[in-house]
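Chemist: Could you have a look at this structure, given as structure tokens, before my questions?
The values are calculated or read from the model by the stated rules, or taken from the named source; none is laboratory data. The shown structure was predicted, so the numbers you read here are calculated from the model rather than taken from an experiment. Quick reminder, even Gly has a Cβ in these numbers, built from the backbone with ideal geometry, and neighbours come from all protein chains shown.
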Amino acid sequence: MNLLSSARIENLLSQMTLDEKLAEMTQLSPLFFGAWSSIDLTGPLKEMDVSQREIKNLGSTLNYFGAKDTKALQDKHLADSRLKIPLLFMADVIHGYQTVFPIPLALGCSFNPENYRIASSTAAKESAASGIHLTFSPMVDLVRDPRWGRVMESTGEDSYLNSLMAAAAVKGFQGDNPAEKGRVASCVKHFAGYGASEGGRDYNWVELSENSLRQYYLPSYKSAVDAGCKMVMTSFNVIDGVPASANKKLFRDILRDEWGFKGATISDYAAIDETITNGLAENGSEAARLCIEAGVDIEMMSTHYIHHGKQLVESGKLSVEQIDSSVRNILQLKEDLGLFENPYKDASEEDEKKLFLCAEHRAAARKVARECAVLLKNDGTLPLKKNLKVGVAGPYAHSGNTNGGWSIAGDKDSLSLAETIKTHGVPVVTAMSQGLGSMQEGIMDCADEIDAAVNALRDCDVIIAAVGESPLDTGEAASKTSLRLSCNQEKMIFALAELKKPMIVICLSGRPLEIKPILHRANAFLQAWFLGSESPGAIADILFGDYNPCGRLSMSFPQTVGQIPVYYNGYHTGRPNNDPTNRFVSRYLDCPNEPLFPFGYGLSYSDVVYSDFKATVSGDEIQASITVTNNSDINTREAVQLYVRDLFASVVRPVKELKGIALTTLAPHEKRTVHFVIGKDMLRFHNNKLEFVFEPGEFEIMIGKNSAELTGARLHFE
Ligand code: GLC
């Protein structure tokens, strides 16, 4: 805060009535401002009983887009505002705006934070032109349970990778200063631990030890805070018995006192009201008191602050200083964004026309998308030659709906996968491509369609099964107990396999699916997530070898849903499953302990050989290196991965933890030695007193192409 802004803010605070302050702490949808008047304000929205007086003093709104509309709403708001405090426009711009980039889980699979920065920077330019000032992104919740539909919004199961990605996303959205043109403020979410929702069921409670919370779940939020994000959003979940929105330990002790966060905080959608449903607050007044005391500055889409705040202050249950502290944070955010000087910020219809899905943005989206797809199996069927007749079957053969969850806008007229393959001069036959309906369980009996598909593709040279999950089945409120492809899709794959043609399965999904039942039928399997506007082009680039796939899994693929949670950095247990003759060990009777595909796994068309591993203690550091050789005739990019295990410590430590990624490009037959330096800071952890410490002792240093294929050595380091 600079002196001028503090003078302005203090001056405003001194003039604001308590009602105006409480309205500033409230965010409601544009419906309340009379926008979308075609939608009747009924039901829960009507019951919020918000007066016009309160509406004209509201501090912010959400998910209202368009330069023209946001400027008009701002004009109306400022005309009504006694103190001319500008309205803040916030929105869920998660992985692109009009030009849609891969879902964050796919961005994580590129193992390249630069891709998240590019995606966020592009999204900032386009959404800022549409009048957005702040985005509710990045979502950095660590995830280990693909039953939870929101894994698509995360960059995966590892806190080191998630932390790199979180910082890159904040940098992309905000640049060096979010007030600059083409930048938006960033709000990290959901604080905290939402990805550990019990049973993978959305909005469920979270049972985490404080040690696990701090060791695995908090680092990515802290990385976003350290990168300068301007806001933090609460999570829906209860943690340690207290809903996050009322959790002082999270929002006062950790976020403000330990981490020194100075920005503003916001509840998730109606989460303050839900502290009543959760059984914490008895009523709206208690909900308001508990959440303001916990340090939640803005109440999103519920109205307990404006309905009870005044009475709480007058009765002495809250102080004006507590209210002022929150209002100051909100006004400071508006000041930091320059909204007092320019309440429209970057809203410009001309820029919208120039920027939306422009060639530069499409090219960036395609480049990023190619890095995010993960090749999980390939017997040499890929890359395809262009003299083949290609059959494409399945709901994603013709679907352009490849943006995935949280794609607020996006391109409606991109070419489908089948049409894109045709642009490569390849004859294409499609079948069973009637769209997403066929994905739903039991919606229809597809026996006739499957027979027709088999006949239609009978004389093709190669078959592509373009399958996956419906975009309706991924994202928020999309938890599932079965992760298999729909029975119709599995039956289609089995039927097509009877043609004895090479079959490539391309899977579009927002989470790791249970693909083991059909994997043996695939000659090649490409996990294509939801790659956004340029998805078909990026996939075709990989299919025809115009791009050598380099994606690596940021989240493990389970053998079966019964194995969940399964992730790479678990503990050794006292009875590791490493003796097949011993029954009494930690294992399942009906399934391996290992995932089907581990964290960090992915194939390329090139073969990279690792050799000559070295690790030595050198003073206060460990120097580790390995030589990688590209034994192929094509360029490749290898994500060389460094893992460490702390063998003995005051609390047990994971069998391995990712501590370094070296993105290494290699020309054909090029050999290169990759070096890592490991300092004590990298080896710190939360001990049995929750102190963040380095403990000298025995360490295993490992380097390899994924978390399961590693070369290593044991060292004493102190
Ligand atoms: C939703 C989501 C949150 C989003 C917010 C505003 O319920 O949990 O991620 O930013 O509401 O749309």
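Chemist: Across region 232-250, which residue is nearest to the ligand (Cβ to nearest atom) among those that are surrounded by 24 or more Cβ atoms within 10 Å (Cβ to Cβ) and within 18 Å of the chain's Cα centre (by Cα)?
Modeler: This residue is MET233.
Chemist: Quick check on GLY570: is it under 27 Å from GLU360 (Cβ atoms), in contact (Cβ under 8 Å) with a residue 12 or more places away in the chain and surrounded by fewer than 21 Cβ atoms within 10 Å (Cβ to Cβ)?
Modeler: No.
Chemist: Another one. If I filter region 591-613 down to residues being surrounded by fewer than 19 Cβ atoms within 10 Å (Cβ to Cβ) and free of Cβ contacts under 8 Å to residues at least 60 places away in the same chain, which single residue comes out as farthest from ILE661 (Cα to Cα)?
Modeler: The qualifying residue farthest from ILE661 (Cα to Cα) is CYS591.
Chemist: State the number of residues belonging to region 87-100 that are within 16 Å of the ligand (Cβ to nearest atom) and of a type outside the set (A, V, I, L, M, F, W, C). Working first, answer last.
Modeler: Restricting attention to region 87-100, the residues satisfying the condition of being within 16 Å of the ligand (Cβ to nearest atom) are 88-97.
Narrowing further to those that are of a type outside the set (A, V, I, L, M, F, W, C): 92, 95-97.
Adding up the residues that qualify gives 4.
Chemist: Also, I was wondering about something else. From the list GLU349, GLU335, pick out the single residue that is over 30 Å from PHE101 (Cβ atoms), touching a helix residue (DSSP H, G or I) at 6+ places or on another chain (Cβ under 6 Å) and of a type outside the set (S, T, N, Q). Can you show your working first?
Modeler: Details: GLU349 fails: over 30 Å from PHE101 (Cβ atoms).
Matching residue, one of GLU349, GLU335: GLU335.
Chemist: Between a first residue in region 119-138 that is under 20 Å from GLU534 (Cβ atoms) and a second residue that is of a type in the set (Val, Ile, Thr) and within 16 Å of the ligand (Cβ to nearest atom), which pairs have beta carbons less than 7 Å apart while being 6 or more apart in sequence or on different chains?
Modeler: ALA123/VAL93; ALA124/VAL184; SER127/VAL93; SER127/THR135; SER127/VAL184; SER137/VAL93; SER137/ILE94
Chemist: Can I ask one more? When you check GLY195 against the structure, is it assigned to a helix (DSSP H, G or I), within 16 Å of the ligand (Cβ to nearest atom) and not aliphatic (A, V, I, L, M), yes or no?
Modeler: Values: assigned to a helix (DSSP H, G or I): yes; within 16 Å of the ligand (Cβ to nearest atom): yes; not aliphatic (A, V, I, L, M): yes.
For GLY195, the condition - assigned to a helix (DSSP H, G or I), within 16 Å of the ligand (Cβ to nearest atom) and not aliphatic (A, V, I, L, M) - is met.
Chemist: Next up: Out of the residues in region 101-160 that are assigned to a helix (DSSP H, G or I) and touching a Pro at 6+ places or on another chain (Cβ under 6 Å), which is nearest to the ligand (Cβ to nearest atom)? Write out each step before concluding.
Modeler: Taking region 101-160 and keeping what is assigned to a helix (DSSP H, G or I), we get 104-109, 113-129, 149-153, 159-160.
Then drop every residue that is not touching a Pro at 6+ places or on another chain (Cβ under 6 Å), which leaves 153, 159.
Details: GLU153: 7, SER159: 20 Å.
Within region 101-160, the match that is nearest to the ligand (Cβ to nearest atom) is GLU153.
Chemist: Does TYR567 satisfy being touching an Asp or Glu at 6+ places or on another chain (Cβ under 8 Å), over 17 Å from LEU161 (Cα atoms), at pLDDT 95 or above and not β-branched (Val, Ile, Thr)? Working first, answer last.
Modeler: Numbers: touching an Asp or Glu at 6+ places or on another chain (Cβ under 8 Å): yes; over 17 Å from LEU161 (Cα atoms): no; at pLDDT 95 or above: yes; not β-branched (Val, Ile, Thr): yes.
No; evaluated as a whole, the condition is false for this residue.
Chemist: Within region 589-600, is even one residue in contact with a strand residue (DSSP E or B) (Cβ under 9 Å, 6 or more places away or on another chain), at positive phi and part of a loop (DSSP other than H, G, I, E, B)?
Modeler: Within region 589-600, the first condition is being in contact with a strand residue (DSSP E or B) (Cβ under 9 Å, 6 or more places away or on another chain), and the residues that meet it are 595-600.
Right, trim to at positive phi and you get 600.
Keeping just the survivors that are part of a loop (DSSP other than H, G, I, E, B) gives 600.
Yes, because at least one residue in region 589-600 is in contact with a strand residue (DSSP E or B) (Cβ under 9 Å, 6 or more places away or on another chain), at positive phi and part of a loop (DSSP other than H, G, I, E, B).
Chemist: Condition test on ILE276, is it out of contact with any strand residue (DSSP E or B) (no Cβ under 6 Å at 6 or more places or on another chain), within 24 Å of ASN237 (Cα to Cα) and more than 16 Å from the ligand (Cβ to nearest atom)? Please lay out each step first, then the result.
Modeler: Numbers: out of contact with any strand residue (DSSP E or B) (no Cβ under 6 Å at 6 or more places or on another chain): yes; within 24 Å of ASN237 (Cα to Cα): yes; more than 16 Å from the ligand (Cβ to nearest atom): yes.
It is true that ILE276 is out of contact with any strand residue (DSSP E or B) (no Cβ under 6 Å at 6 or more places or on another chain), within 24 Å of ASN237 (Cα to Cα) and more than 16 Å from the ligand (Cβ to nearest atom).
Chemist: Moving to a separate point now. Looking at GLU210, GLU258, which one is without any contact (Cβ under 8 Å) to a residue 12 or more places away in the chain and more than 16 Å from the ligand (Cβ to nearest atom)?
Modeler: Details: GLU210 fails: without any contact (Cβ under 8 Å) to a residue 12 or more places away in the chain.
So the residue among GLU210, GLU258 that is without any contact (Cβ under 8 Å) to a residue 12 or more places away in the chain and more than 16 Å from the ligand (Cβ to nearest atom) is GLU258.
Chemist: Based on what the data block shows, is TYR217 modelled with pLDDT of 95 or more, buried (at least 18 other Cβ atoms within 10 Å of the Cβ), within 16 Å of the ligand (Cβ to nearest atom) and within 28 Å of ARG147 (Cα to Cα)?
Modeler: Details: modelled with pLDDT of 95 or more: yes; buried (at least 18 other Cβ atoms within 10 Å of the Cβ): yes; within 16 Å of the ligand (Cβ to nearest atom): no; within 28 Å of ARG147 (Cα to Cα): yes.
No; evaluated as a whole, the condition is false for this residue.
Chemist: Starting from region 297-322, take each residue that is closer than 15 Å to LEU13 by Cβ and list its partners that are within 16 Å of the ligand (Cβ to nearest atom), counting only C-beta distances under 6 angstrom and pairs at least six apart or across chains.
Modeler: ASP297/ALA264; ASP297/THR265
Chemist: Those residues that are more than 19 Å from LEU331 (Cβ to Cβ), modelled with pLDDT of 85 or more and in a helix (DSSP H, G or I), I need them from region 3-39; list them, please. Don't jump to the end; show me each part of the working.
Modeler: Start the filter on region 3-39 by keeping residues that are more than 19 Å from LEU331 (Cβ to Cβ), which leaves 29-39.
Narrowing further to those that are modelled with pLDDT of 85 or more: 29-32.
Those that are more than 19 Å from LEU331 (Cβ to Cβ), modelled with pLDDT of 85 or more and in a helix (DSSP H, G or I): PRO30, LEU31, PHE32.
Chemist: While we're looking at this one, here's another question. Determine whether region 540-554 contains at least one residue that is basic (Lys, Arg), in contact (Cβ under 8 Å) with a residue 24 or more places away in the chain and not in a loop (DSSP other than H, G, I, E, B). Working first, answer last.
Modeler: Residues of region 540-554 that are basic (Lys, Arg), as a first pass: 552.
Then drop every residue that is not in contact (Cβ under 8 Å) with a residue 24 or more places away in the chain, which leaves 552.
Subset that is not in a loop (DSSP other than H, G, I, E, B): none.
No: region 540-554 contains no residue that is basic (Lys, Arg), in contact (Cβ under 8 Å) with a residue 24 or more places away in the chain and not in a loop (DSSP other than H, G, I, E, B).
Chemist: Pick out the one residue from TYR305, TYR344 that is surrounded by 19 or more Cβ atoms within 10 Å (Cβ to Cβ), more than 16 Å from the ligand (Cβ to nearest atom) and of a type in the set (Phe, Trp, Tyr).
Modeler: Working: TYR344 fails: surrounded by 19 or more Cβ atoms within 10 Å (Cβ to Cβ).
Within the list TYR305, TYR344, the selection yields TYR305.
Chemist: If you go through region 555-567, how many residues are surrounded by fewer than 24 Cβ atoms within 10 Å (Cβ to Cβ) and not in a loop (DSSP other than H, G, I, E, B)? Can you show your working first?
Modeler: Applying the first criterion (surrounded by fewer than 24 Cβ atoms within 10 Å (Cβ to Cβ)) to region 555-567 yields 559-565, 567.
Subset that is not in a loop (DSSP other than H, G, I, E, B): 561-563.
Of the residues in that region, 3 qualify.
Chemist: What number of residues within region 40-73 satisfy the criterion of being modelled with pLDDT of 95 or more and within 16 Å of the ligand (Cβ to nearest atom)?
Modeler: 8
Chemist: Considering only residues of region 253-266 that are of a type outside the set (Val, Ile, Thr) and within 25 Å of GLU198 (Cα to Cα), which is surrounded by the fewest Cβ atoms within 10 Å (Cβ to Cβ)? Don't jump to the end; show me each part of the working.
Modeler: Quick first cut of region 253-266, residues of a type outside the set (Val, Ile, Thr) only: 253, 255-264.
If we keep only those that are within 25 Å of GLU198 (Cα to Cα) too, we end up with 253, 255.
Numbers: ASP253: 13, LEU255: 23.
Top of the filtered list is ASP253.
Chemist: Can you tell me which residue within region 145-179, out of those that are among the charged types (D, E, K, R) and more than 13 Å from the chain's Cα centre (by Cα), is surrounded by the fewest Cβ atoms within 10 Å (Cβ to Cβ)? First the steps, then the outcome.
Modeler: Looking only at region 145-179, we keep the residues that are among the charged types (D, E, K, R), and these are 145, 147, 150, 153, 157-158, 171, 176.
From what is left, the residues that are more than 13 Å from the chain's Cα centre (by Cα) are 145, 147, 171, 176.
Numbers: ASP145: 23, ARG147: 21, LYS171: 21, ASP176: 9.
Among those residues, the one meeting the criterion is ASP176.
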